[in-house]
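The values are calculated or read from the model by the stated rules, or taken from the named source; none is laboratory data. All values derive from a computational prediction rather than experimental measurement. Here the Cβ is made from the backbone with ideal geometry for all residues, glycine too, and neighbour counts use every protein chain on show. Please note that ligands, DNA and RNA were not included when accessible areas were found on the heavy atoms of the full protein model with its side chains. Shrake-Rupley method; radii C 1.70, N 1.55, O 1.52, S 1.80 Å.
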Amino acid sequence: MPQLTKLHLAKLRRQAKGNRIARAIELAGVTQQEVSHDLRCSQSYISDVSRQRYATVTVETAHRFAGYFGVQIEDLFPAQGDKRGHK
């Protein structure tokens, strides 16, 4: 499973709006298909989460994504109004 570096994490945190799954996938150099295979969920679900078609995901799903990329949940799913990491 891919692990995002500190540099990747800094870039990821610059995205201010919504979830950061699409950016994490891009930075990790993996495809949605690889993520869906590794997390054992459908590629269409990964696509929908990446395109922010859901306002929220379950805590279990958030943990799975965070574990996959080796980051904290908050790095992928920042709280609304969370300005940490932004200048």
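Here are some notes:
- Matching residues in the range 21-51 - criterion: being closer than 11 Å to Arg64 by Cβ and either outside any helix (DSSP H, G or I) or in contact with a strand residue (DSSP E or B) (Cβ under 7 Å, 6 or more places away or on another chain) (or both): Arg40, Cys41
- Consider the range 11-49 and keep the residues that are in contact with a His (Cβ under 9 Å, 6 or more places away or on another chain) and touching a residue at least 24 places away in the same chain (Cβ under 8 Å). The one that is nearest to Thr61 (Cα to Cα) is Ala24.
- Candidate set from the range 1-40 (those that are among the basic types (Lys, Arg) and out of contact with any helix residue (DSSP H, G or I) (no Cβ under 8 Å at 6 or more places or on another chain)); member that is most open to solvent (accessible area, probe 1.4 Å): Arg40
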